[in-house]
1. Calculate the spin-label point distance for Thr195 paired with Leu224, positioning each point 7 Å from the Cα along the beta-carbon direction, and give it in nanometres.
2. Which loop-located GluC sites (Glu not before Pro) does the range 49-144 contain, where loop means any DSSP state but H, G, I, E or B and the Cβ has at most 15 other Cβ atoms within 10 Å?
3. Remind me, relative contact order of the chain in percent, using alpha carbon pairs under 8 angstrom and six or more residues apart?
4. Filter the chain for me: DSSP H helices, axial length by Cα at least 30 angstrom, mean Kyte-Doolittle hydropathy not below -0.5. List them by residue number.
5. Amide H neighbours of Met101 under 5 Å, counting only residues 5+ apart in sequence or on other chains, H built in-plane at 1.01 Å?
6. On a full-extension model of 0.36 nm per residue, what is the gain between Gln126 and Gln208, subtracting their alpha-carbon distance, rounded to one decimal in nm?
7. Suppose a student asked you for the relative contact order of the range 104-164, using Cα pairs under 8 Å spaced at least 6 residues apart; what percent would you report?
8. With a 1.4 Å probe and all protein chains kept in place, how do Asp122, Asp173 rank by accessible area, largest first?
Amino acid sequence: MKPMQASTPWRWALSGALLGLMLSVLVFAPARWLSALVQRASAGQVLLQETRGTVWTGSARVTLTGGAGSQEVATLPGRLDWHLAPALTGATLQLNAECCMQQAWAMRMQPRWNGFQLALSDAQSQWPARLLSGLGTPWNTVQPQGELNLSTQGLTLAWAAGRLQLSGAAQLDAMNLSSHLSTLRPMGSYRFNLTGGTPVKLALTTLQGSLQISGSGQWVGGQLRFNGEASAVAEHQAALSNLLNLIGRRQGARSIIKVG
(Lines give C-alpha, C1' and ligand atoms only; values in the text may rest on other atoms or scores of the structure.)
Protein backbone atom coordinates (compact mmCIF):
# COMPACT_ATOMS: atom_id res chain seq x y z
CA MET A 1 0.00 0.00 0.00
CA LYS A 2 2.91 2.41 0.67
CA PRO A 3 4.04 2.68 -3.01
CA MET A 4 0.45 3.55 -4.02
CA GLN A 5 0.20 6.18 -1.27
CA ALA A 6 3.55 7.65 -2.31
CA SER A 7 2.40 8.00 -5.91
CA THR A 8 -0.85 9.80 -5.03
CA PRO A 9 0.72 13.32 -4.71
CA TRP A 10 2.39 12.86 -8.09
CA ARG A 11 -0.93 11.95 -9.64
CA TRP A 12 -2.53 15.05 -8.20
CA ALA A 13 0.39 17.16 -9.40
CA LEU A 14 0.19 15.70 -12.90
CA SER A 15 -3.58 16.23 -13.02
CA GLY A 16 -3.14 19.84 -11.88
CA ALA A 17 -0.45 20.47 -14.48
CA LEU A 18 -2.61 19.06 -17.27
CA LEU A 19 -5.61 21.11 -16.11
CA GLY A 20 -3.46 24.24 -15.99
CA LEU A 21 -2.12 23.52 -19.46
CA MET A 22 -5.64 23.07 -20.84
CA LEU A 23 -6.80 26.32 -19.22
CA SER A 24 -3.79 28.17 -20.61
CA VAL A 25 -4.46 26.84 -24.11
CA LEU A 26 -8.10 27.86 -23.77
CA VAL A 27 -7.40 31.35 -22.39
CA PHE A 28 -4.60 32.14 -24.82
CA ALA A 29 -6.03 30.38 -27.88
CA PRO A 30 -4.58 32.30 -30.85
CA ALA A 31 -6.84 34.37 -33.10
CA ARG A 32 -5.89 32.22 -36.10
CA TRP A 33 -8.06 29.44 -34.60
CA LEU A 34 -11.07 31.75 -34.93
CA SER A 35 -9.98 32.57 -38.47
CA ALA A 36 -10.10 28.88 -39.43
CA LEU A 37 -13.54 28.49 -37.82
CA VAL A 38 -14.99 31.52 -39.64
CA GLN A 39 -13.58 30.34 -42.95
CA ARG A 40 -15.21 26.91 -42.59
CA ALA A 41 -18.53 28.31 -41.35
CA SER A 42 -18.77 30.76 -44.28
CA ALA A 43 -17.70 28.20 -46.92
CA GLY A 44 -14.63 30.31 -47.60
CA GLN A 45 -16.52 33.56 -48.28
CA VAL A 46 -15.33 35.40 -45.15
CA LEU A 47 -11.60 35.40 -44.37
CA LEU A 48 -9.91 36.81 -41.27
CA GLN A 49 -6.37 37.70 -42.31
CA GLU A 50 -3.34 39.13 -40.51
CA THR A 51 -4.89 38.09 -37.20
CA ARG A 52 -3.64 39.44 -33.89
CA GLY A 53 -4.44 38.55 -30.30
CA THR A 54 -6.54 35.63 -29.13
CA VAL A 55 -9.87 34.01 -29.89
CA TRP A 56 -11.35 36.12 -27.07
CA THR A 57 -9.79 39.53 -27.80
CA GLY A 58 -8.17 40.24 -31.12
CA SER A 59 -8.29 41.88 -34.51
CA ALA A 60 -7.94 41.01 -38.19
CA ARG A 61 -8.34 42.32 -41.70
CA VAL A 62 -11.61 41.06 -43.20
CA THR A 63 -11.76 39.86 -46.80
CA LEU A 64 -14.88 38.76 -48.67
CA THR A 65 -14.58 36.26 -51.51
CA GLY A 66 -16.81 34.29 -53.83
CA GLY A 67 -15.76 31.06 -52.09
CA ALA A 68 -13.38 28.28 -53.06
CA GLY A 69 -11.75 28.88 -56.45
CA SER A 70 -13.13 32.42 -56.78
CA GLN A 71 -10.84 35.17 -58.06
CA GLU A 72 -13.06 37.91 -56.64
CA VAL A 73 -11.88 39.48 -53.39
CA ALA A 74 -12.68 42.68 -51.50
CA THR A 75 -11.01 43.71 -48.26
CA LEU A 76 -12.48 45.95 -45.58
CA PRO A 77 -10.49 49.16 -45.03
CA GLY A 78 -8.68 49.00 -41.71
CA ARG A 79 -9.05 46.26 -39.14
CA LEU A 80 -11.96 44.60 -37.33
CA ASP A 81 -11.60 44.28 -33.54
CA TRP A 82 -13.53 41.79 -31.43
CA HIS A 83 -14.07 40.86 -27.79
CA LEU A 84 -15.81 37.59 -26.94
CA ALA A 85 -16.92 37.02 -23.35
CA PRO A 86 -18.43 33.58 -22.64
CA ALA A 87 -20.67 33.00 -19.62
CA LEU A 88 -22.81 30.22 -18.18
CA THR A 89 -25.94 31.83 -19.67
CA GLY A 90 -24.44 32.42 -23.14
CA ALA A 91 -21.87 34.80 -24.57
CA THR A 92 -21.43 38.44 -25.56
CA LEU A 93 -19.55 39.42 -28.70
CA GLN A 94 -18.47 42.98 -29.45
CA LEU A 95 -17.33 43.94 -32.95
CA ASN A 96 -15.84 47.26 -33.99
CA ALA A 97 -14.50 48.43 -37.35
CA GLU A 98 -13.15 51.96 -37.01
CA CYS A 99 -13.57 52.57 -40.73
CA CYS A 100 -17.28 51.90 -40.77
CA MET A 101 -18.96 51.77 -37.34
CA GLN A 102 -20.11 54.70 -35.23
CA GLN A 103 -20.07 52.43 -32.18
CA ALA A 104 -19.25 48.81 -31.51
CA TRP A 105 -21.86 46.17 -32.24
CA ALA A 106 -22.83 44.15 -29.18
CA MET A 107 -24.31 40.70 -29.81
CA ARG A 108 -25.82 38.63 -27.02
CA MET A 109 -26.01 34.89 -27.73
CA GLN A 110 -28.14 32.73 -25.45
CA PRO A 111 -29.02 29.04 -25.65
CA ARG A 112 -32.71 28.19 -25.80
CA TRP A 113 -34.62 24.94 -25.60
CA ASN A 114 -33.94 23.20 -28.91
CA GLY A 115 -32.16 26.26 -30.31
CA PHE A 116 -30.56 29.62 -29.53
CA GLN A 117 -31.21 33.37 -29.62
CA LEU A 118 -29.00 36.16 -30.98
CA ALA A 119 -29.82 39.77 -30.04
CA LEU A 120 -28.03 42.68 -31.74
CA SER A 121 -27.71 46.07 -30.09
CA ASP A 122 -29.18 49.06 -31.93
CA ALA A 123 -26.41 50.30 -34.19
CA GLN A 124 -25.52 52.40 -37.22
CA SER A 125 -22.69 51.79 -39.66
CA GLN A 126 -21.44 52.83 -43.09
CA TRP A 127 -19.77 50.39 -45.51
CA PRO A 128 -18.24 50.79 -48.98
CA ALA A 129 -20.54 49.17 -51.56
CA ARG A 130 -17.53 47.78 -53.42
CA LEU A 131 -17.21 45.13 -50.68
CA LEU A 132 -20.14 43.29 -52.29
CA SER A 133 -18.02 42.58 -55.38
CA GLY A 134 -15.96 40.18 -53.30
CA LEU A 135 -18.96 37.86 -52.88
CA GLY A 136 -18.92 36.80 -56.54
CA THR A 137 -21.99 36.50 -58.79
CA PRO A 138 -23.88 38.73 -59.45
CA TRP A 139 -22.02 41.44 -57.53
CA ASN A 140 -18.74 40.93 -59.37
CA THR A 141 -20.59 41.68 -62.61
CA VAL A 142 -22.39 44.74 -61.27
CA GLN A 143 -19.33 45.99 -59.32
CA PRO A 144 -21.30 48.51 -57.25
CA GLN A 145 -19.74 51.73 -56.02
CA GLY A 146 -21.21 53.99 -53.36
CA GLU A 147 -22.00 53.78 -49.65
CA LEU A 148 -24.15 51.36 -47.67
CA ASN A 149 -25.68 52.80 -44.49
CA LEU A 150 -27.00 50.10 -42.16
CA SER A 151 -29.10 50.66 -39.04
CA THR A 152 -30.80 48.14 -36.76
CA GLN A 153 -33.48 48.47 -34.10
CA GLY A 154 -34.35 45.70 -31.65
CA LEU A 155 -33.07 43.08 -34.08
CA THR A 156 -33.25 39.55 -32.64
CA LEU A 157 -32.86 36.19 -34.35
CA ALA A 158 -34.12 33.03 -32.69
CA TRP A 159 -33.56 29.50 -33.97
CA ALA A 160 -35.89 26.90 -32.50
CA ALA A 161 -37.08 23.49 -33.71
CA GLY A 162 -35.37 24.02 -37.05
CA ARG A 163 -37.12 27.34 -37.75
CA LEU A 164 -35.68 30.84 -37.83
CA GLN A 165 -37.71 33.64 -36.26
CA LEU A 166 -36.82 37.31 -36.55
CA SER A 167 -38.07 40.32 -34.63
CA GLY A 168 -37.14 43.97 -34.76
CA ALA A 169 -36.11 45.87 -37.89
CA ALA A 170 -33.15 46.73 -40.10
CA GLN A 171 -32.75 49.44 -42.73
CA LEU A 172 -30.11 49.58 -45.45
CA ASP A 173 -29.68 52.77 -47.47
CA ALA A 174 -27.56 52.36 -50.60
CA MET A 175 -26.44 55.89 -51.37
CA ASN A 176 -25.18 57.28 -54.69
CA LEU A 177 -24.77 53.87 -56.31
CA SER A 178 -22.96 53.41 -59.60
CA SER A 179 -21.86 50.39 -61.66
CA HIS A 180 -19.29 49.71 -64.35
CA LEU A 181 -22.24 48.45 -66.45
CA SER A 182 -23.44 52.02 -66.89
CA THR A 183 -21.74 55.31 -67.71
CA LEU A 184 -24.28 57.11 -65.54
CA ARG A 185 -22.79 58.12 -62.18
CA PRO A 186 -24.48 57.99 -59.81
CA MET A 187 -27.53 56.00 -60.84
CA GLY A 188 -29.49 56.65 -57.66
CA SER A 189 -30.01 55.96 -53.96
CA TYR A 190 -32.21 53.20 -52.55
CA ARG A 191 -33.69 51.98 -49.28
CA PHE A 192 -34.20 48.37 -48.23
CA ASN A 193 -36.33 47.72 -45.14
CA LEU A 194 -36.59 44.45 -43.25
CA THR A 195 -39.34 44.10 -40.63
CA GLY A 196 -39.46 41.10 -38.33
CA GLY A 197 -42.59 39.13 -37.50
CA THR A 198 -44.59 36.32 -39.01
CA PRO A 199 -43.87 36.55 -41.84
CA VAL A 200 -40.74 38.69 -42.15
CA LYS A 201 -41.48 41.54 -44.58
CA LEU A 202 -39.13 43.15 -47.10
CA ALA A 203 -39.52 46.44 -48.98
CA LEU A 204 -37.32 48.17 -51.56
CA THR A 205 -37.84 51.80 -52.61
CA THR A 206 -35.98 54.45 -54.60
CA LEU A 207 -34.91 57.52 -52.67
CA GLN A 208 -33.73 59.43 -55.74
CA GLY A 209 -32.07 58.83 -59.09
CA SER A 210 -32.50 57.90 -62.75
CA LEU A 211 -32.70 54.16 -62.08
CA GLN A 212 -36.05 53.55 -60.40
CA ILE A 213 -36.40 50.31 -58.40
CA SER A 214 -39.24 49.18 -56.15
CA GLY A 215 -40.55 45.92 -54.75
CA SER A 216 -41.78 44.00 -51.74
CA GLY A 217 -41.58 40.48 -50.43
CA GLN A 218 -41.76 38.07 -47.53
CA TRP A 219 -39.60 35.42 -45.93
CA VAL A 220 -41.95 32.48 -45.43
CA GLY A 221 -40.95 29.04 -44.17
CA GLY A 222 -37.30 29.61 -45.02
CA GLN A 223 -38.16 30.71 -48.56
CA LEU A 224 -37.71 34.22 -49.96
CA ARG A 225 -40.51 35.57 -52.15
CA PHE A 226 -39.92 38.97 -53.72
CA ASN A 227 -41.57 40.84 -56.58
CA GLY A 228 -40.44 44.16 -57.98
CA GLU A 229 -39.55 46.12 -61.05
CA ALA A 230 -36.90 48.50 -62.31
CA SER A 231 -37.01 51.19 -64.97
CA ALA A 232 -35.05 54.22 -66.13
CA VAL A 233 -36.14 57.81 -66.61
CA ALA A 234 -36.61 58.61 -70.30
CA GLU A 235 -33.42 60.61 -70.83
CA HIS A 236 -31.17 57.87 -69.36
CA GLN A 237 -32.74 54.68 -70.75
CA ALA A 238 -29.84 54.00 -73.12
CA ALA A 239 -27.22 54.43 -70.40
CA LEU A 240 -29.03 52.00 -68.07
CA SER A 241 -30.15 49.40 -70.62
CA ASN A 242 -27.38 46.86 -69.87
CA LEU A 243 -28.06 47.02 -66.16
CA LEU A 244 -31.82 46.62 -66.64
CA ASN A 245 -31.17 43.48 -68.70
CA LEU A 246 -29.18 42.03 -65.80
CA ILE A 247 -31.54 43.02 -62.99
CA GLY A 248 -34.50 40.99 -64.25
CA ARG A 249 -36.67 39.93 -67.20
CA ARG A 250 -37.20 42.75 -69.64
CA GLN A 251 -40.77 43.71 -70.41
CA GLY A 252 -40.60 46.73 -72.65
CA ALA A 253 -38.92 49.58 -70.79
CA ARG A 254 -39.26 47.77 -67.47
CA SER A 255 -37.26 44.97 -65.89
CA ILE A 256 -39.37 42.52 -63.86
CA ILE A 257 -37.78 41.20 -60.68
CA LYS A 258 -39.11 37.93 -59.25
CA VAL A 259 -37.55 35.71 -56.61
CA GLY A 260 -39.26 32.58 -55.28
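The values are calculated or read from the model by the stated rules, or taken from the named source; none is laboratory data. These figures come from a predicted structure and were not determined experimentally. Backbone-built Cβ (ideal geometry, glycine too); neighbour counts: all protein chains shown. Side chains included, ligands, DNA and RNA excluded: accessible areas come from the protein's heavy atoms. Shrake-Rupley method; radii C 1.70, N 1.55, O 1.52, S 1.80 Å.
1. The two pseudo-label positions are separated by 2.0 nm.
2. Counting only loop positions with at most 15 other Cβ atoms within 10 Å, the GluC sites (Glu not before Pro) in the range 49-144 are Glu98.
3. Over the chain, the number comes to 9 percent.
4. Membrane-span-like by this criterion, though nothing is claimed about a membrane: 2-27.
5. Residues meeting the criterion, in which the H sits 1.01 Å from N, are Gln126.
6. Value of the extension gain: 27.6 nm.
7. In percent, rounded to a whole number, it is 39.
8. Asp122, Asp173
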